[in-house]
Amino acid sequence: MVDTTLPAELVEAARRVIDANRAAGKTVAVAESCTGGLVSAALTEIPGSSDVFLAGFVTYSNEAKLGVLGVSLDVLETFGAVSIAVAWAMARGALERANADTAVAITGIAGPDGGSEKKPVGTVVFARAEKGGDAKDVTADAHEFGDLGRGGIRLQAALVALELLMPDAAVP
């Protein structure tokens, strides 16, 4: 029996990330907004994960995205917090600040409020940055999970983020 308060599928996905990155000799970091630390919590459920998981940044507010991760105010104001540009800047900031091999960022609208016609509840944007990667080569994409409820959206977003932390993963 696993001693955790998190859903089993989330912990199992985190275990795969830790095992695969350990085998590849890679380290990871995450920058989370709408998931509020759920990915970091899943990764730290795995005993010994500290040799792979270096840092998790929960930057829920725009101010935190600016101050903690170095997202530019121009990018935030031009594209909005839930955008490929902001997710990419979050991933690059986490990569640099943690000195990890790979960083994944998650930003989105978990609801029940905050959605719009262009960005409805359930819109989540992911980005993946790699050490030595070209900063101009944006690896990011938006997903529309639909209104699965706040918990459902956050869980699905965390599962996608964990898949993106696998060595040699690509943003779908």
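The values are calculated or read from the model by the stated rules, or taken from the named source; none is laboratory data. Note that this is a predicted model, so its numbers are computed, not measured. With ideal geometry, Cβ positions are generated from the backbone for all residues, glycine too; neighbour counts draw on all protein chains shown. Accessible surface areas use protein heavy atoms only, side chains included; no ligands, DNA or RNA. Shrake-Rupley method; radii C 1.70, N 1.55, O 1.52, S 1.80 Å.
Some values worked out for this structure:
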{"item": "Exposed-site-free run, longest, the chain (rule: trypsin sites (Lys or Arg not before Pro); DSSP loop; at most 12 other C-beta within 10 Å)", "result": "1-117"}
{"item": "Whole-number Å³ per residue for the convex hull built on Cα positions in the range 74-172", "result": "97 Å³"}
{"item": "Neighbourhood charge, 13 Å Cβ-Cβ cut-off, centred on Val71 and excluding it, Lys, Arg +1 and Asp, Glu -1", "result": "-1"}
{"item": "Mean Cα-pair separation over length for the chain, i.e. relative contact order, pairs under 8 Å, 6 or more apart, %", "result": "24 percent"}
{"item": "Charge sum, other residues only, whose C-beta stays under 15 Å from Lys119's C-beta, Lys/Arg counted +1 and Asp/Glu -1", "result": "-4"}
{"item": "For Thr27, residues with placed amide H under 5 Å, excluding near neighbours", "result": "Asp101, Thr102"}
{"item": "Phi-based couplings in Hz for the range 132-140 (Karplus 6.51, -1.76, 1.60; Gly and Pro marked x)", "result": "x, x, 6, 4, 8, 8, 6, 10, 7"}
{"item": "Per DSSP, loop GluC sites (Glu not before Pro) in the range 79-172 with at most 12 further Cβ within 10 Å", "result": "Glu117"}
{"item": "Heavy atoms of Phe79: accessible area, 1.4 Å probe, square angstrom to 10", "result": "110 Å²"}
